[in-house]
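Student: One structure, as structure tokens, below. Some questions next.
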Amino acid sequence: MSGSWLPSTAGCGLRQVRRASAFMAAALLAAAAPAHADSTQPPAPYAYRQLPDPRQEAQAKALMEELRCLVCQGQSIADSDAELAGDMRSLVRQRIQAGERPEDVKAWLVARYGSWVSYAPVFGPDTLLLYAAPVLLLLVGGLLAARRQRRRR
């Protein structure tokens with residue numbers, strides 16, 4: 001089998017050949033995944049275009065700074081280059097251009113994507129853990145520190 005690009009399987013067990021084949025298939029799939037990550041759709045109309053009215057654009061920009069990109073998670077939709085962030089920027093601009101108040105647009109986005117989309121989520125049953133977690137962690141840390149002090153004595 002000279003001239004073949006495949007490695008020789010002489011002396012290899014069937015299990016090793018299957019394992020190598022599975023590894024190669026997984027590697028090829030992992031390498032091909034980023035090629036399909038971006039869509040071929042054009043960006044949303046107002047993803048990168050500002051509104052003609054400077055007052056409305058200022059309202060839209062301020063709101064976009066308050067909204068978290070659901071893809072990047074650490075950036076606002078104003079700073080993110082993710083396709084979903086562009087769609088959300090376009091939605092914000094279109095709704096503000098239509099005359100909606102920024103608070104109403106934010107409420108609509110929170111209803112659509114959940115309270116996590118906002119950098120300042122409203123206190124409610126679904127965000128109770130978010131607000132209570134720091135206090136609970138401080139209490140647990142204080143109790144553990146107090147218990148350790150008692151054991152030392």
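Student: For the range 20-104, which chymotrypsin sites (Phe, Trp or Tyr not before Pro) pass both filters: DSSP loop (anything but H, G, I, E, B) and at most 16 other C-beta atoms within 10 Å?
Tutor: Qualifying residues, ordered by number: 48.
Student: How far apart, in nm, are two points set 7 Å out from the Cα along the Cα-to-Cβ line at residue 53 and at residue 81?
Tutor: 3.2
Student: Next question. With springs connecting C-alpha atoms under 10 Å apart, model the chain as a Gaussian network and identify which of 91, 136, 51 has the largest mean-square fluctuation.
Tutor: Result: 136 has the largest fluctuation of those listed.
Student: Further, regarding this structure: For the chain, what are the DSSP H helices with axial Cα length of 24 Å or more and mean Kyte-Doolittle hydropathy of at least -0.5?
Tutor: Those that pass (Cα extent of 24 Å or more, hydropathy at least -0.5) are 14-32, 128-152.
Student: Could you give me the percent of Cα pairs per 10 Å distance bin for the chain, shortest bin first, beginning at zero and ending with the bin that holds the maximum distance?
Tutor: Per 10 Å bin, starting at 0, the Cα pair percentages come out as 9, 23, 18, 14, 15, 14, 7, 1.
Student: Given 25 °C and 0.890 mPa s, compute D for the range 54-122 with the Stokes-Einstein relation, Rh being the Kirkwood radius over Cα pairs; round to the nearest whole µm²/s.
Tutor: Here the translational diffusion coefficient equals 211 µm²/s.
Read-outs throughout are calculated quantities, based only on the coordinates presented, and are distinct from any laboratory measurement. This structure is a prediction, so every number in the text was calculated from the model and none was measured. Cβ coordinates were reconstructed from backbone atoms using ideal geometry, including for glycine residues, and neighbour counts include every protein chain displayed.
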